[in-house]
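Novice: Below are the structure tokens for one structure; questions will follow.
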Amino acid sequence: MVNTLSKPATEEPKSNPQALIQETILAPRFYTTDFEAAANFDLSLQETALKAMLDEMRTDYNRRHFVRDEAFEQTWDDLDEETRNSFIDYLERSCVSEFSGFLLFKELSRSLKQRNPLLAEIFHLMARDEARHAGFLNKAMGDFNRSLDLARLTKTRTYTFFPLEWVIYTVYLSEKIGYWRYIIIYRHLEKHPEHQFYPLFRYFESWCQDENRHGDIFKALLRSQPKLWNNWKARLWSRFFLLSVFATHSLTVQERAGFYHSLGLDATEFDEQVIRKTNETAARAFPAVLNVDHPEFFPRMQRCAKRNLKLKAISENNFPKVVKFLQKLPLLGGIFWDLFRLYLIKPIDAEALRGTVR
């Protein structure tokens, strides 16, 4: 799952309004990258692992899992407005994020077909998974009289260029943090089925298997390139991308606190659990990870999330733009300062723990 930037996609038919996702710093984003660099990747250090994962993906264990059953054949008019709106927002952003992954993987597969057939097939099958997820989410949105024109999104979205190395770091983290989000929600609802207000959540176990497998593929890609883990630059980049992904997650979770409350989850506790698990998992791939047990880590992250909520409120008020800008400045400065202080916390040397991390 890759985050993507979105714009209003199309006109809104009365019978099935098109979802409109506002462009913000936290909005999903579309990416493109250096396909020539991907074609020249030397995969020899991880070729065996990549071939094994390719065989597993060819089997496609989830090919029959994402089929809507009779549980979807009902109305959801009994949901309260807050739950309904927060869930629709969750579906919209998740759908665009999955579709973003599909587009990136599809283009990588097309570009590598003649020059790196192993990677080309891997990306082709990952694109298959992402398309399956996006389509399933879009059908879920249809139950709430919403939809995304995914075909038009391809032409109307702004694409952000990331060097291939950045793509590997960020997609790895995106897939792994997605895994932990899905599996934590799934396990929670297994214990508390009274909060499972929509049948989509029953599919999260199969969903997170795809996320985990994709993450493992990007782990292999990362470990196949020593420059991405065996030098001081790689350690700095690892910390930067971990902090960026975790900050985005914290801010987004607090924006959707109502959604998590409807699932019987405390948003702050859920956020911390996801970050801890993702950081622990990242130690298997990255040369350095963040010290999330530092006493300043989560308090500073939570302050950033609270400031972000205030920024959102300012954006929605009716004051002149100049006034809004002045109101936002101290909040933006506070977020930047807290994130900078978090970056300076002494990291954990994951390479030194390589023999003990499982």
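The values are calculated or read from the model by the stated rules, or taken from the named source; none is laboratory data. Please read these numbers as outputs of a predicted model, since none were measured by experiment. A quick note on method: Cβ atoms are made from the backbone with ideal geometry, for glycine too, and the neighbour counts reach across all protein chains shown. Protein only, heavy atoms only, side chains kept; ligands, DNA and RNA dropped before computing areas. Shrake-Rupley method; radii C 1.70, N 1.55, O 1.52, S 1.80 Å.
Novice: What accessible area per residue, rounded to a whole number of Å², is obtained for the chain using a probe radius of 1.4 Å? Could you put the intermediate results ahead of the total?
Specialist: Numbers: 17150 Å² over 358 residues.
I get 48 Å² per residue for the chain.
Novice: Classify region 202-242 as rounded, prolate or oblate, taking a ≥ b ≥ c as the square roots of the eigenvalues of its Cα gyration tensor: rounded when a/c is under 1.5, otherwise prolate if a/b is larger than b/c and oblate if not.
Specialist: Values: a/c = 6.98, a/b = 2.28, b/c = 3.05.
It is oblate, given that a/c is not under 1.5 and a/b is not larger than b/c.
Novice: Does region 41-175 come out rounded, prolate or oblate by the C-alpha gyration tensor, with a ≥ b ≥ c the root eigenvalues, rounded set by a/c under 1.5 and, if not, prolate when a/b is larger than b/c and oblate if not?
Specialist: Details: a/c = 2.57, a/b = 1.80, b/c = 1.43.
The shape class here is prolate.
Novice: Note down the magnitude of the dipole of the chain about its Cα centre, charges +1 on Lys and Arg C-beta and -1 on Asp and Glu C-beta and zero elsewhere, to the nearest 20 debye. All intermediate terms of the calculation are to be shown ahead of the outcome.
Specialist: Values: 50 positive and 47 negative charges, 253 e Å.
Its charge dipole is roughly 1220 debye.
Novice: For a Förster distance of 51 Å, can you work out the FRET efficiency between the beta-carbons of residue 151 and residue 346, rounded to the nearest 0.05?
Specialist: Working: r = 48 Å, r/R0 = 0.95.
Approximately 0.60, to the nearest 0.05.
Novice: Answer with one residue from 48, 193, 270: the one whose Cα lies farthest towards the positive end of the charge dipole of the chain, charges on Cβ with Lys, Arg +1 and Asp, Glu -1.
Specialist: 48
Novice: Using unit Cβ charges (K, R positive; D, E negative) and no other charged atoms, how large, in debye to the nearest 20, is the dipole of region 84-230 about its Cα centre? Let's see the in-between values first.
Specialist: Numbers: 22 positive and 17 negative charges, 70 e Å.
Computed charge dipole of region 84-230: roughly 340 debye.
Novice: For region 116-121, what does the Karplus curve 6.51 cos²θ - 1.76 cosθ + 1.60, with θ = phi - 60°, yield as ³J(HN,Hα) per residue in whole Hz, taken in order and with x for Gly and Pro?
Specialist: Karplus values, whole Hz, x for Gly and Pro: 9, x, 4, 5, 4, 5.
Novice: Can you give the extra length, in nm with one decimal, that the chain gains between residue 195 and residue 76 once fully stretched, where that is 0.36 nm per residue apart less the Cα-Cα distance?
Specialist: On the way: separation 119, 0.36 × 119 = 42.84 nm, distance 1.42 nm.
Fully extending the segment from residue 195 to residue 76 adds 41.4 nm.
Novice: If you put +1 on each Lys and Arg Cβ and -1 on each Asp and Glu Cβ, how big is the dipole of region 206-332 around its Cα centre, in Debye rounded to 20? Walk me through the numbers on the way to the answer.
Specialist: Numbers: 20 positive and 12 negative charges, 137 e Å.
Computed charge dipole of region 206-332: roughly 660 debye.
Novice: Tell me the trypsin sites (Lys or Arg not before Pro) within region 144-237 that lie in a loop according to DSSP and have at most 14 other beta-carbon atoms within 10 Å.
Specialist: none
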